[in-house]
Amino acid sequence: MKIIELSTDNRCQFVDITAQVQALVSDSNMASGAVVVCSTHTTAGITMNENADPDVVSDVLATLARLAPRRGDYSHGEGNSDAHIKASLVGFSVTVPVENGGLSLGVWQAIYFCEFDGPRRRRALVQFLPSP
Amino acid sequence: MKIIELSTDNRCQFVDITAQVQALVSDSNMASGAVVVCSTHTTAGITMNENADPDVVSDVLATLARLAPRRGDYSHGEGNSDAHIKASLVGFSVTVPVENGGLSLGVWQAIYFCEFDGPRRRRALVQFLPSP
Amino acid sequence: MKIIELSTDNRCQFVDITAQVQALVSDSNMASGAVVVCSTHTTAGITMNENADPDVVSDVLATLARLAPRRGDYSHGEGNSDAHIKASLVGFSVTVPVENGGLSLGVWQAIYFCEFDGPRRRRALVQFLPSP
């Protein structure tokens with residue numbers, strides 16, 4: 001297992017970590033199998049989405065902010081319930097097949113670390129599941 | 001790894017691919033482990049849900065259309081931001097345990113390819129993670 | 001593969017099953033790899049979230065109830081469309097890395113079985129994917 005460390009700059013932000021995941025897969029010498037990329041937090045998740053037009057990610061973030069507004073009628077006293085909710089909506093991990101040492105992603109797919117309560121120092125775990 | 005190729009007929013549509021995934025698991029001779037089923041797109045996801053009453057899937061699609069309306073206040077210029085958002089909400093893959101060569105699904109569970117920007121030719125990857 | 005059996009007490013409820021998953025991982029003698037925890041139902045999912053303040057989980061449940069109200073304009077005749085929708089939003093499984101025989105969870109992360117149509121007897125599958 002490997003760890004990706006990152007620092008986020010905004011309260012809500014998607015950080016493309018595809019290249020870092022691919023580099024770790026290459027270093028692992030895994031030819032075939034899958035890789036699991038996990039957030040170790042409860043106010044940050046992991047998803048995939050388009051890697052080309054940054055407006056796509058902006059639209060995802062804006063919609064999540066509409067579905068779970070920051071100032072909502074929440075019980076949790078820390079003021080970040082929206083972040084916990086958004087993380088459960090997008091999910092905390094992705095599992096990506098690996099073939100010939102490469103991530104089997106579609107042309108437009110990127111792996112995003114989803115910050116919902118930054119800026120902070122954050123971690124994503126990368127676990128290798130090689131086919132025997 | 002194997003590929004399921006499919007053609008969707010509508011802009012938004014859930015296609016039951018359970019039988020195709022099971023057939024690939026059977027062909028793989030994997031006895032025990034898990035299978036990962038992934039969309040290679042950013043406007044189509046993968047989820048599970050009920051296999052019996054098609055109204056269930058209609059209700060899921062109708063609710064997603066309410067949460068991320070097609071004509072929303074989006075930045076992305078291609079007119080399919082709703083599709084990108086819906087895909088991140090349902091997720092891009094499912095991981096299903098396999099035992100005795102069969103998918104360990106509940107009685108009512110089906111694996112659905114979730115088209116949100118069709119009709120199109122689409123692909124789902126199926127990766128085998130056998131227990132050693 | 002192992003099965004966690006549980007009984008839920010309310011219609012909607014998150015049940016922390018982290019300790020049960022860890023116990024099964026320990027019993028399995030898997031040192032390194034990942035564990036997949038899956039709901040076998042279509043009106044109950046699996047997610048992660050905070051293990052400390054129960055208000056976090058209440059806020060997630062309240063927001064899901066707002067996004068998919070119980071009494072909505074649904075087609076499915078059984079009156080539980082909201083439960084099917086919520087399960088597809090949070091997802092039906094989590095995959096958690098394992099290292100040194102332990103779940104690689106963050107300090108605040110718990111694994112939750114997400115009941116959306118209880119109270120019922122329910123099952124979660126736990127599959128082990130050891131690194132070879």
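Okay, residues lined up against (1) acidic (Asp, Glu); (2) in contact (Cβ under 8 Å) with a residue 24 or more places away in the chain:
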{"residue": "C:LYS2", "(1), (2)": "no, yes"}
{"residue": "C:VAL37", "(1), (2)": "no, yes"}
{"residue": "C:ASP55", "(1), (2)": "yes, no"}
{"residue": "C:GLY79", "(1), (2)": "no, no"}
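Among the residues of segment C:123-132, is there at least one that is at negative phi, assigned to a loop (DSSP other than H, G, I, E, B), more than 18 Å from the chain's Cα centre (by Cα) and without any contact (Cβ under 8 Å) to a residue 60 or more places away in the chain? Among the residues of segment C:123-132, at least one is at negative phi, assigned to a loop (DSSP other than H, G, I, E, B), more than 18 Å from the chain's Cα centre (by Cα) and without any contact (Cβ under 8 Å) to a residue 60 or more places away in the chain, which makes the answer yes.
Flag not set for A:GLY101, criterion: within 11 Å of chain B (Cβ to nearest Cβ) and on the phi > 0 side of the Ramachandran plot.
Results for (1) farther than 30 Å from B:ALA52 by Cα; (2) assigned to a strand (DSSP E or B); (3) among the acidic types (Asp, Glu), shown as yes or no for each residue.
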position: C:GLU5; (1), (2), (3): no, yes, yes
position: C:ASN10; (1), (2), (3): no, no, no
position: C:VAL21; (1), (2), (3): yes, no, no
position: C:SER26; (1), (2), (3): yes, no, no
position: C:MET30; (1), (2), (3): yes, no, no
position: C:VAL36; (1), (2), (3): no, yes, no
position: C:HIS41; (1), (2), (3): no, no, no
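If you check A:GLY72, A:GLY118 for being open to solvent by 10 Å² or more (accessible area, probe 1.4 Å) and touching a helix residue (DSSP H, G or I) at 6+ places or on another chain (Cβ under 7 Å), only one passes: A:GLY72.
Scanning segment B:23-43 for residues that are at pLDDT 95 or above and under 22 Å from C:PHE128 (Cα atoms) yields a total of 14. So C:TRP108 clears everything in (1) over 29 Å from A:ARG123 (Cβ atoms); (2) open to solvent by 30 Å² or more (accessible area, probe 1.4 Å) except one condition, right? Which one? The single condition C:TRP108 does not satisfy is (1).
Does A:ALA62 satisfy the condition of being at pLDDT 95 or above, crowded, with 24+ Cβ neighbours inside 10 Å and small (Gly, Ala, Ser)? Judged against the criteria, A:ALA62 is not a match. Checked against (1) among the small types (Gly, Ala, Ser); (2) touching a strand residue (DSSP E or B) at 6+ places or on another chain (Cβ under 8 Å); (3) at the interface with chain B (Cβ under 9 Å from one of its Cβ atoms), A:ALA62 meets all criteria but (2). For segment C:95-105, give me each residue that is open to solvent by 10 Å² or more (accessible area, probe 1.4 Å) and either in a loop (DSSP other than H, G, I, E, B) or in contact with a helix residue (DSSP H, G or I) (Cβ under 9 Å, 6 or more places away or on another chain) (or both). If the condition is that a residue be open to solvent by 10 Å² or more (accessible area, probe 1.4 Å) and either in a loop (DSSP other than H, G, I, E, B) or in contact with a helix residue (DSSP H, G or I) (Cβ under 9 Å, 6 or more places away or on another chain) (or both), then C:ASN100, C:GLY101, C:GLY102, C:LEU103, C:SER104, C:LEU105 are the ones that fit.
Taking the criterion of being among the small types (Gly, Ala, Ser) and within 7 Å of another protein chain (Cβ to nearest Cβ), would at least one residue in segment B:109-120 satisfy it? Within segment B:109-120 (the criterion being among the small types (Gly, Ala, Ser) and within 7 Å of another protein chain (Cβ to nearest Cβ)), the answer is no, since none of the residues qualifies.
As a summary of the residue check, A:ILE85 satisfies the conditions (1) open to solvent by 10 Å² or more (accessible area, probe 1.4 Å); (2) touching a residue at least 12 places away in the same chain (Cβ under 8 Å) except for the one numbered (1).
With respect to A:THR8, is the statement that it is buried (at least 17 other Cβ atoms within 10 Å of the Cβ), touching a Pro at 6+ places or on another chain (Cβ under 6 Å) and either of a type in the set (Val, Ile, Thr) or closer than 29 Å to B:ASP82 by Cβ (or both) true? Against the criterion (buried (at least 17 other Cβ atoms within 10 Å of the Cβ), touching a Pro at 6+ places or on another chain (Cβ under 6 Å) and either of a type in the set (Val, Ile, Thr) or closer than 29 Å to B:ASP82 by Cβ (or both)), A:THR8 qualifies.
Filtered by the rule that a residue be over 18 Å from C:ALA44 (Cβ atoms) and not aliphatic (A, V, I, L, M), segment C:75-108 gives C:SER75, C:GLY77, C:PRO97, C:GLU99, C:ASN100, C:GLY101, C:GLY102, C:SER104, C:GLY106, C:TRP108.
The values are calculated or read from the model by the stated rules, or taken from the named source; none is laboratory data. As the structure is a computational prediction, the values presented were derived from the model and not from experiment. All Cβ positions, even for glycine, are placed from backbone atoms using ideal geometry, and neighbour counts span all protein chains on display. Surface accessibility is based on the protein's heavy atoms, side chains included, excluding ligands, DNA and RNA. Shrake-Rupley method; radii C 1.70, N 1.55, O 1.52, S 1.80 Å.
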